[in-house]
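A short worksheet on the structure shown next.
The values are calculated or read from the model by the stated rules, or taken from the named source; none is laboratory data. Quick caveat: nothing in here was measured; it's all calculated off a predicted structure. All Cβ positions, glycine included, derive from the backbone under ideal geometry; neighbour counts span all protein chains shown.
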Protein chains: 2
Amino acid sequence: MRYHVVDRDLRGLPPREQWCPICKLQHGLAIFSGCNLSHCRHIQEKLNGISLKSVREFLTREEDSIVFSLIERAKYPYNAPVYDPSYLGFTFHNHSLIELFVRETEALQAKAGRYQNPEEVPFFPEDLILPLVPPYKYPQELHPVAASVNVSTTIWHMYFDRVLPQFTSKGNDGKYAQTAEADLICLQALSRRIHYGRFVAEVKFRAAPKDYITAIKAKDSDGLMRLLTSASQEEIVKRRVEEKAKVFGQDVTLDTKGETTSNHSKYKVDPMVVYSLYSDWVIPLTKLVEVEYLLHRLD
Amino acid sequence: MRYHVVDRDLRGLPPREQWCPICKLQHGLAIFSGCNLSHCRHIQEKLNGISLKSVREFLTREEDSIVFSLIERAKYPYNAPVYDPSYLGFTFHNHSLIELFVRETEALQAKAGRYQNPEEVPFFPEDLILPLVPPYKYPQELHPVAASVNVSTTIWHMYFDRVLPQFTSKGNDGKYAQTAEADLICLQALSRRIHYGRFVAEVKFRAAPKDYITAIKAKDSDGLMRLLTSASQEEIVKRRVEEKAKVFGQDVTLDTKGETTSNHSKYKVDPMVVYSLYSDWVIPLTKLVEVEYLLHRLD
């Protein structure tokens, strides 16, 4: 059966001519012997499903999604009625429009199988409906006991109380459904990024279990936080998202001759807000998820 | 009462010191006399609600939304089961997952008042639920009889049959709910842009009614199409969206020194696909909406 495992997992690898000679030889042997090609890093990464490289690529790509989602939310003014529990009144138990909107959209997306995917974490898990779609066999990379780490409530309050007022203009244009939809896309992107800390922690643990086991057994949160922290790498991430806010939030225009001109003085979302969002919330919350995950990694 | 109308509509105008002297004088008079300040173009535009300038700004901003939405959809492979009517089987009357997803999401968003806004046109109007939110008084800019022009079915087939396969990779990653959500965002952005042709036509008609009335009375679609067409302006739009696909679809990275470097050789969505989307579909369909709207503008 190892033959099938190896064969399936080789899909998506670099072309065979790019492999090292030992790999090429070993792959031939692997088909017959069940060898796991463990000396070759790119093959090993694929066999493991996640790797430091794939995790980093995921987080980098999510930055684009987060910046796009903020820019799209900034199309609309703040639109206070969306968040005002008195707006819909007693009929809806004083729930705000945004809360009802997110609850019902999550229930609908659960039917389509969204939360079968371990990367996705709902804000209102109690309302979810069983999927109508056949189950999909996602790779199970996370340690089951630790996978339930959840900071959704913190993300919710961070987004609505602290972040949203910073990048929306004051005002009310009546486009409440569009506003709620744009908020949901921001929330989903932020939640996916922050809860991906579980995968980050898993891949770091697998790479150097000995480094972590002592701190995990001692329930040493501070020690784990130190192990997980790289200030220089975090600074690169913060500066990169600031740069993305500039690049994606500029007005791209053509002059009368058809030449590209860009308005670099005015951005749709203040790049410093995006820098601070990552500095104050996204990176610290991701690391919090990582630490919480690791504390249960040996349970 | 004219006082209140003028006063309300002056919000958002340029600062008073930028007005011409006659405007400044007239505004003082207007408060007492009900003068509509009609000689001053920027004030007149505001009083009318839409203007050539505001329509152009809307369409330009929608380009960003369309390009973002395509880039976000391209995160996922094609994911054929989403579109396969046999995937969910007989229980769902052989509807595809995407059709059920869009129908139910539109119903949910209708409850939140999305389709009270005349800019928004649903794909499945027969399934809509009455809004739970109090009515919002949107400006009624469109001629009521002409406002019902609708090319949603054409947009649906254009997107799924012609455009989607061009910018998604082959494959299946199981993220069907995320895929359907990303498709819906693309569809909504394309529909809003194309159906905005009604506002484009209205503002062009108001600017020069005499030019259009003869052709409208003669039901001369070709003549109207000629009046509405500016090949040079269309070429600028097509080149601008191509440029936006390059700017928004690049990999923004920082090198080890923290300097910005961008990968210009590889884009998340092929800029030529976006150029062709506008050239072959978005611009022609918008103009079709404009012509159909004008044909009923005098009804």
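Computed quantities for the displayed model
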{"read-out": "Filter result (in contact with a Ser or Thr (Cβ under 8 Å, 6 or more places away or on another chain) and buried (at least 23 other Cβ atoms within 10 Å of the Cβ)) within the stretch A:196-214", "value": "A:G197"}
{"read-out": "Residue ID - nearest to the chain's Cα centre (by Cα), chosen from residues in the stretch A:74-107 that are β-branched (V, I, T) and within 10 Å of another protein chain (Cβ to nearest Cβ)", "value": "A:T105"}
{"read-out": "Contacts under 9 angstrom Cβ, first residue in the stretch B:112-134 being touching a residue at least 24 places away in the same chain (Cβ under 8 Å) and at the interface with chain A (Cβ under 8 Å from one of its Cβ atoms), partner assigned to a helix (DSSP H, G or I) and surrounded by 15 or more Cβ atoms within 10 Å (Cβ to Cβ), 6 or more apart", "value": "B:E120/A:A177; B:E120/A:Q178; B:E120/B:Q109; B:E120/B:R114; B:E120/B:Q188; B:E120/B:S191; B:E120/B:R192; B:E120/B:H195"}
{"read-out": "Residue tally, condition exposed (fewer than 15 other Cβ atoms within 10 Å of the Cβ) and either of a type in the set (S, T, Y) or in contact with a Pro (Cβ under 8 Å, 6 or more places away or on another chain) (or both), over the stretch A:139-151", "value": "2"}
{"read-out": "Meets criteria (in a helix (DSSP H, G or I), among the aliphatic types (A, V, I, L, M) and more than 21 Å from the chain's Cα centre (by Cα)) for A:A177", "value": "yes"}
{"read-out": "Count of the stretch A:129-162 residues which are closer than 21 Å to A:R193 by Cα and in a loop (DSSP other than H, G, I, E, B)", "value": "11"}
{"read-out": "Pick from the stretch B:218-233, criterion more than 14 Å from chain A (Cβ to nearest Cβ) and part of a loop (DSSP other than H, G, I, E, B), ranking: nearest to the chain's Cα centre (by Cα)", "value": "B:T229"}
{"read-out": "Test result for A:S152, of a type in the set (S, T, Y) and more than 18 Å from A:C186 (Cβ to Cβ)", "value": "no"}
{"read-out": "Scope the stretch B:111-145; condition farther than 22 Å from B:Y293 by Cα and touching a Lys or Arg at 6+ places or on another chain (Cβ under 7 Å); matching residues", "value": "B:D127, B:I129, B:P131, B:L132"}
{"read-out": "Some residue of the stretch A:237-248 being closer than 29 Å to B:V241 by Cβ, over 21 Å from the mean Cα position of the chain (by Cα) and either modelled with pLDDT under 95 or small (G, A, S) (or both)", "value": "no"}
{"read-out": "Cβ-Cβ under 7 Å pairs, at least 6 apart or on other chains, the stretch B:75-86 side closer than 16 Å to B:I185 by Cα, far side basic (K, R) and surrounded by 19 or more Cβ atoms within 10 Å (Cβ to Cβ)", "value": "B:Y76/B:K175"}
{"read-out": "Number of the condition not met by A:R8 [criteria: (1) charged (D, E, K, R); (2) at pLDDT 50 or above; (3) not in a loop (DSSP other than H, G, I, E, B)]", "value": "(2)"}
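The rows are residues; the columns are (1) β-branched (V, I, T); (2) part of a helix (DSSP H, G or I).
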| residue | (1), (2) |
| --- | --- |
| B:G171 | no, no |
| B:A182 | no, yes |
| B:F205 | no, yes |
| B:D211 | no, yes |
| B:I216 | yes, yes |
| B:E235 | no, yes |
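For every residue, the table says whether it meets (1) of a type in the set (V, I, T); (2) more than 9 Å from every other protein chain (Cβ to nearest Cβ); (3) closer than 30 Å to A:P122 by Cα.
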residue: B:T168; (1), (2), (3): yes, yes, yes
residue: B:Y176; (1), (2), (3): no, no, yes
residue: B:V200; (1), (2), (3): yes, yes, no
residue: B:K204; (1), (2), (3): no, yes, no
residue: B:Y212; (1), (2), (3): no, yes, no
